[in-house]
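The values are calculated or read from the model by the stated rules, or taken from the named source; none is laboratory data. Bear in mind that the values here come from a model prediction, so they are computed numbers and not experimental data. Cβ: placed from backbone, ideal geometry, glycine included. Neighbour counts: every protein chain shown.
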Amino acid sequence: MKSPIKNFIETNLIMLGLLFYCCEDTQPDSSDVIDAGVVINEINYNSLDSFDPDDWVEIYNSSSETIDLGSWLLKDENDDDDHIFTVPSNTLLLPGQYLVFCTNTIKFTALFPDVSSYYGDLGFGLSGGGDLVRLFDYNGLLVDIVEYDDIAPWDTLADGTGPTLELNHPSLDNTLGENWSASQGYGTPGAVNSAYNGYE
């Protein structure tokens, strides 16, 4: 027969384990992300009605190497086949270069005619109330992930008023809302972010 003290200790250990399990962090696990030097750098998820290029996502090569993006995958939070965009073969992203993925290339190029480095149509859009943007390499390994939202700490000006969400600096943790800001104007696809703060 167990002593009351032993029963008390075992009961409290079980309760402590349950407490830790229930309070487990549900944020994206960045430990599963490989460091390929490519970051999700700008997101347009809810355009202004009078200036609507539809949804688009910009990535940036922050490394010093040219990266072959052929057969890489862009996904939202849905894993259905119609929510996956496969990057065409022989797509090279040079050091310091940007690439935009747009939902509707006709609408995007009509409003951003000077942007030449883009792909589309994605075949899916992003939720105006928060969503996941995920980038995988050709082996299916997760390269980058952003779970944005339309509430603080994410800048709410990006939710239907015109600006996009811009990462303040490519070296910052882009899973954290405080490292993003609303852009000036309607965003800076294919160029340095207007929110760029210049420090590492």
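Right, Gly190: on the phi > 0 side of the Ramachandran plot, touching a Ser or Thr at 6+ places or on another chain (Cβ under 7 Å) and either part of a loop (DSSP other than H, G, I, E, B) or surrounded by fewer than 19 Cβ atoms within 10 Å (Cβ to Cβ) (or both) or not? Criteria met by Gly190. Is one or more of the residues making up region 21-31 within 21 Å of the chain's Cα centre (by Cα), modelled with pLDDT of 95 or more, in a loop (DSSP other than H, G, I, E, B) and closer than 23 Å to Thr175 by Cα? No, there is no match, as no residue in region 21-31 is within 21 Å of the chain's Cα centre (by Cα), modelled with pLDDT of 95 or more, in a loop (DSSP other than H, G, I, E, B) and closer than 23 Å to Thr175 by Cα. Figure legend. Inter-residue proximity from region 140-164: first residues more than 13 Å from Leu126 (Cβ to Cβ), second residues charged (D, E, K, R) and at pLDDT below 95, beta-carbon distance below 6 Å, spacing 6+ or different chains. Indicated pairs: Leu142/Asp32.
Against the criterion of being modelled with pLDDT of 95 or more and among the acidic types (Asp, Glu), Glu58 qualifies.
Counting only residues that are over 19 Å from Asn174 (Cβ atoms), give me the strands (runs of 3 or more DSSP E) lying completely in region 33-134 with at least 1 of them.
84-86, 98-102
For region 134-170, a tally of residues being within 18 Å of Ile84 (Cα to Cα) and of a type in the set (S, T, N, Q) returns 1.
Residues of region 173-187 that are crowded, with 17+ Cβ neighbours inside 10 Å and in a loop (DSSP other than H, G, I, E, B): Asn174, Thr175, Ser183, Tyr186, Gly187. Checked against (1) in contact with a helix residue (DSSP H, G or I) (Cβ under 8 Å, 6 or more places away or on another chain); (2) closer than 17 Å to Asn139 by Cβ; (3) not hydroxyl-bearing (Ser, Thr, Tyr), Val87 passes all but condition (1).
For region 126-136, state whether one or more residues are touching a residue at least 40 places away in the same chain (Cβ under 8 Å) and either of a type in the set (S, T, N, Q) or farther than 24 Å from Asn104 by Cβ (or both). Even if it seems obvious, please write down each step before you answer.
Step one: of region 126-136, the residues touching a residue at least 40 places away in the same chain (Cβ under 8 Å) are 126-128, 131-136.
Still in the list and also either of a type in the set (S, T, N, Q) or farther than 24 Å from Asn104 by Cβ (or both): 127.
Within region 126-136, one or more residues are touching a residue at least 40 places away in the same chain (Cβ under 8 Å) and either of a type in the set (S, T, N, Q) or farther than 24 Å from Asn104 by Cβ (or both).
Selection within region 147-167: residues that are in a helix (DSSP H, G or I) and touching a strand residue (DSSP E or B) at 6+ places or on another chain (Cβ under 7 Å). The member of this set that is surrounded by the most Cβ atoms within 10 Å (Cβ to Cβ) is Ala158. Quick one: in region 99-129, which of the residues that are small (Gly, Ala, Ser) and more than 21 Å from the chain's Cα centre (by Cα) is surrounded by the most Cβ atoms within 10 Å (Cβ to Cβ)? Here the answer is Ala110. Here Pro170 meets each of (1) in a helix (DSSP H, G or I); (2) surrounded by 18 or more Cβ atoms within 10 Å (Cβ to Cβ) with one exception, condition (1).
Take Asp144 and decide whether it is of a type in the set (D, E, K, R), over 12 Å from the mean Cα position of the chain (by Cα) and more than 15 Å from Asp55 (Cα to Cα). Steps first, please.
Numbers: of a type in the set (D, E, K, R): yes; over 12 Å from the mean Cα position of the chain (by Cα): no; more than 15 Å from Asp55 (Cα to Cα): yes.
Considered against the rule, which asks whether it is of a type in the set (D, E, K, R), over 12 Å from the mean Cα position of the chain (by Cα) and more than 15 Å from Asp55 (Cα to Cα), Asp144 comes out as no.
Here Val87 qualifies as aliphatic (A, V, I, L, M), over 11 Å from the mean Cα position of the chain (by Cα) and modelled with pLDDT of 95 or more.
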